[in-house]
Structures are given as C-alpha cells and as structure tokens.
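Structure record follows, encoded as structure tokens.
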Amino acid sequence: MNKGEQLYEGKAKKVFQTEDPNLLIVSYKDDATAFNGLKKGTIAGKGVINNKMSNLLMQYLAKQGVPTHFVEELNDRDTLVKKVTIVPLEVIVRNISAGSFAKRFGVEEGIVFKQPTVEFSYKNDALEDPLINDDQALALGIVERSELDTIRTYALKVDEVLKEFWKDAGVTLVDFKLEFGRLPDGTIILADEISPDTCRLWDSETGEKLDKDRFRRDLGGVEEAYQEIMQRLIKNIEQR
Ligand code: TMP
C-alpha cells in the first residue's frame, strides 16, 4: 500500500490517503509538543518507538476484545489503519493522581484511586481541549449515548488489560488518553495511538517517569526513557 495525498498533519503524526478509500497510512514523527503546542521540540527516535509500541499494544488489546484501527505495520514509522471519523473526545483514564487531575483538585501526585476514573475532554485546540461531561457532549451532538457507553466500556477494558501488562514489565500505568472513531457503519473502534506520548508510565520500584512528562517537565533523559520503556514492552511481549 502506497502513500497518497497527505490529508492531515498533526503535532506528532501525518495522515495519508491510500488507494483504498477505507484505509489510511499514519506516519509517526519525532516532533513533540506540550501545553497545546506552546512547548515544541523533538525526541530523536520517538516516531519509531511510538509506531511500534502502539501497534503491539493495539494487537494485544484486539486479542482481549477491544477492536482497533490497526491493520498492518508498513515500516518503522508508517502504519496502515482503518479510516474512521474521530469522535472529538480525549478519553482519559486515571488510576493514580497526576498531571491536570492533581492540579485541578489541588492534591499531590501519586494518590492511588480505589477505582479508575474516566474523564472526557472536548478535542478542540482553539478552546484548549476543555473538560466535558456526558450531558455536555450529548448537547453538542458530538456523540450519542450508546456510543458513550461503548467508549467507557472499552476505555475501562483497556485500563484493565494494560495495567496488568505493564505491571508484569515493572511499570505502573498511572493514566492515559485514548481516542475512538466510527467506521462507516457506525461501529466504534479504538484509534489514534497508545504510546509514552499518551500514557504516564512510572517504574514500579523507583517511581521514575518513563514517558513524555520527562519532555513536558524538562526532566532530561527523554530519549533514554522512551528506549527503556520500549525494551520493557518487547521483553514482556515475548514472554506472552
Ligand atoms: P493530563 O493529566 O495532562 O490531563 O493528562 C492525562 C493523560 O493524557 C496523560 O497520560 C497524558 C495524556 N495526554 C495526551 O495524550 N494528550 C494531551 O494533549 C494531554 C493534555 C494529555
């Protein structure tokens, strides 16, 4: 499958048409942004790692009953995916307080929740992705009730599966962001990516951050953290 016209360039990926109207190619870049694009940089090798990691995790999730857009890894940076209409919600699942949750509610990072929390942000750069509740999303007409139910069920399933997966790799899954899309027949599937850009991953022993927070917070060792988390994933996948 060859790249056709570029449809879109996002902060971390480009999206291309293919000869099949139902398939797209996503191409992962090394570019990194934070704070809605205010902070810009590159993380050498990130695109290769995020492509591979997202593909391995999505294949693993599909086996556990979560349908995804993944079709085929084409090369280090490019992957063939099913074309979907993205539901404009950032679906965030949290197991432990961190980031915007800690800031918004004035609590420290690291509080382990009794149960996972699911929250939604409205994907809208101009509005800086505001938090949105179910009723507000329904009022805006961006999603239907039944779709929200499906999305929540899948998001919690992803959490259950990935929490266990990362635990076996010596990593605590703190929180993560998912995006879902609709196939032409309306079926909801997992889309976008699952990577250190979109997850908080802490070493279970030391608490060391092995994710994009190293870039967001200028902690140094960004490339090394991406490589380390990828190695742990590969080792853990091989054992399964
Ligand atoms: P937050 O604590 O900043 O709301 O982030 C929650 C999770 O979502 C964290 O794992 C990072 C991820 N995330 C994204 O993938 N994209 C984003 O634009 C933001 C703000 C967070």
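For residues that are of a type in the set (Val, Ile, Thr) and more than 21 Å from residue 160 (Cα to Cα), scanning just region 80-98, find the one that is surrounded by the fewest Cβ atoms within 10 Å (Cβ to Cβ).
Pass one, region 80-98, residues of a type in the set (Val, Ile, Thr): 81, 84-87, 91-93, 96.
When the remaining residues are screened for being more than 21 Å from residue 160 (Cα to Cα), the result is 81, 84-87.
Values: 81: 24, 84: 21, 85: 11, 86: 13, 87: 22.
Within region 80-98, the match that is surrounded by the fewest Cβ atoms within 10 Å (Cβ to Cβ) is 85.
Only residues in region 95-109 that are without any contact (Cβ under 8 Å) to a residue 24 or more places away in the chain count as the first member; pair them with residues that are within 11 Å of the ligand (Cβ to nearest atom) and acidic (Asp, Glu), Cβ under 6 angstrom, at least 6 apart or cross-chain, and list the lot.
97/109; 102/109
Of everything in region 22-55, what is assigned to a helix (DSSP H, G or I) and of a type in the set (Lys, Arg)? Give them in sequence order.
If the condition is that a residue be assigned to a helix (DSSP H, G or I) and of a type in the set (Lys, Arg), then 46, 52 are the ones that fit.
Looking at 157, 209, which one is modelled with pLDDT of 95 or more, within 15 Å of the chain's Cα centre (by Cα) and farther than 28 Å from residue 21 by Cα?
Details: 209 fails: within 15 Å of the chain's Cα centre (by Cα).
Testing whether each residue is modelled with pLDDT of 95 or more, within 15 Å of the chain's Cα centre (by Cα) and farther than 28 Å from residue 21 by Cα leaves just 157.
Out of the residues in region 99-117 that are part of a strand (DSSP E or B) and surrounded by fewer than 16 Cβ atoms within 10 Å (Cβ to Cβ), which is farthest from the ligand (Cβ to nearest atom)?
114
Would you mind stating whether residue 48 is within 14 Å of the ligand (Cβ to nearest atom) and aliphatic (A, V, I, L, M)?
Judged against the criteria, residue 48 is not a match.
Name every residue in region 62-71 that is in contact (Cβ under 8 Å) with a residue 12 or more places away in the chain and surrounded by fewer than 16 Cβ atoms within 10 Å (Cβ to Cβ), in order of residue number.
Residues satisfying the conditions are 64, 65.
Residues of region 67-98 being part of a strand (DSSP E or B) and closer than 30 Å to residue 109 by Cα, which ones?
Scanning region 67-98 gives 89, 90, 91, 92, 93, 94, 95, 96.
One residue is enough: does region 38-60 have a residue meeting the conditions basic (Lys, Arg) and touching a Leu at 6+ places or on another chain (Cβ under 7 Å)?
Checking region 38-60: not a single residue is basic (Lys, Arg) and touching a Leu at 6+ places or on another chain (Cβ under 7 Å).
Within region 60-75, can one find any residue that is within 15 Å of the ligand (Cβ to nearest atom), of a type in the set (Val, Ile, Thr) and within 20 Å of the chain's Cα centre (by Cα)?
no
Yes or no: residue 223 of a type outside the set (Ser, Thr, Tyr), in a helix (DSSP H, G or I), within 21 Å of residue 11 (Cα to Cα) and at pLDDT 95 or above?
So residue 223 fits the description; yes.
The values are calculated or read from the model by the stated rules, or taken from the named source; none is laboratory data. Not measured: the values here are computed from a predicted model. Counting neighbours? That spans all protein chains shown, and the Cβs are built from the backbone with ideal geometry, glycine included.
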